[in-house]
Each structure stands twice: as C-alpha cells, then as structure tokens.
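Asks: For reference, the structure I am asking about is given below.
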Amino acid sequence: MINDKERTKLILRTIFTGLIGGILFFIGFVLSYYFNFVDQNITKLIPMQKLTKLIPVTFLRILFQLSLTSIFSIIISLIYYTLLKRFTNIWFSVLFGLILFIMFFSLAILINKEIEITSFSIATYITIGSLFTLYGTFIGYSISFDYLETKRNTVTSS
C-alpha cells in the first residue's frame, strides 16, 4: 500500500510528466507544421487559434499556445493516473494515444463546422496520429512505470 507521502510525490511526478509531454508534443507539432508534414489549414482545427489572435506579438502567441497545451497535457496525465495507472502494457499506452487522436479530431470537427474531415491529406493524418501515439506512449508508460516502481519500493521497504 502506498502511503500519503509517496502518493503526493507520485502525483507531482505525474504532473511533471504531463508538463514534459505537453512541451514535447507542442515541439513535435510545431516542427511538423514548419516542415510541411501537416496541411496548413490544420491550425483551423485548434480552437485556441481564435484566442491567440487577440495577442499581438508572435512570441507571446507561441508561449500562450505552449502554456495551454501543457495545461491540457497535465489534465490528461492526471486523468490517466486516476483511471489507468495499473495497466503496464506498452500497447495499452499506444492505444491510449490513438484514442486521444480520434477524440481530438472528433471534437475539433464538432466545434469547427466549416472544416470537413476529408479536407486533410493522408500525410496530415499519419503525422498527427504518430504524434498522438508517441504522446500517449510517453504519458501512459511513464505514469504506469512510476506507479509500479513506487508500489514495489513501498512494499519492499515495509
């Protein structure tokens, strides 16, 4: 059984994992956008584009988008910790990333009615799907591994 002190440390490491995962996901998305692996109109799917137009300086826009991505990532990592931390199989983490990919496109298309799902190239779907798969694998496997190691160390030290 994990005591309260170890549980607090575990939750803080989960938040840190979510933060790092969000930063890495954002960097991967920006690089894939910069090198034209994704269509230019992919940014219309992201609802924060409307918010960032209010910010005049490009650097502040990027910082704001990075902050929002990190906050969403921390929330996703806490949800994963709460519901799925006991699953240790890496394929479950890959599936988690693919589910996030499907949810992202489903929600984005429901929110933004002017874009059709067929308006993107197959390269865009593969690139974004790969990013979400890597993100899900990083978040899921890191949190599950940390949980099991903490649990194992708590049991052996008792």
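Asks: So if each residue of separation counts as 0.36 nm, and I subtract the Cα-Cα distance between Tyr34 and Asn3, what length gain in nm does that give?
Replies: Residue separation times 0.36 nm, minus the Cα-Cα distance, leaves 6.5 nm.
Asks: I need the phi-derived Karplus couplings for region 136-147: 6.51 cos²θ - 1.76 cosθ + 1.60, θ = phi - 60°, integer Hz, Gly and Pro marked x.
Replies: The phi angles translate into x, 5, 5, 5, x, 5, 5, 5, 5, 4, 4, 4 Hz.
Asks: Could you check the spin-label model distance between Ile122 and Thr156? Points 7 Å from the Cα along Cα→Cβ, value in nm.
Replies: Inter-label distance under the simple model: 4.8 nm.
Asks: Using only DSSP helix segments of four residues or longer, with each worth -39500 (n - 2.57), what per-residue ellipticity at 222 nm results for the chain after dividing by its residue count and rounding to 500?
Replies: My calculation for the chain gives -27000 deg cm²/dmol from helical runs alone.
Asks: How far, in nm, would the chain grow between Ile90 and Glu149 when pulled straight, counting 0.36 nm per residue and subtracting the alpha carbon separation?
Replies: Length difference between fully extended and current span is 19.7 nm.
Asks: Can you tell me the length gained on complete extension of the stretch Ile20 to Phe72, counting 0.36 nm per residue apart and subtracting the Cα distance?
Replies: 17.5 nm is the gain from fully extending Ile20 to Phe72.
Laboratory data are not the source of any read-out in this text; all were calculated from the coordinates shown. Since the structure is predicted, the reported quantities are computational estimates derived from the model, not experimental observations. No Cβ is skipped: glycine too gets one built from the backbone with ideal geometry, and neighbour counts run over all protein chains shown.
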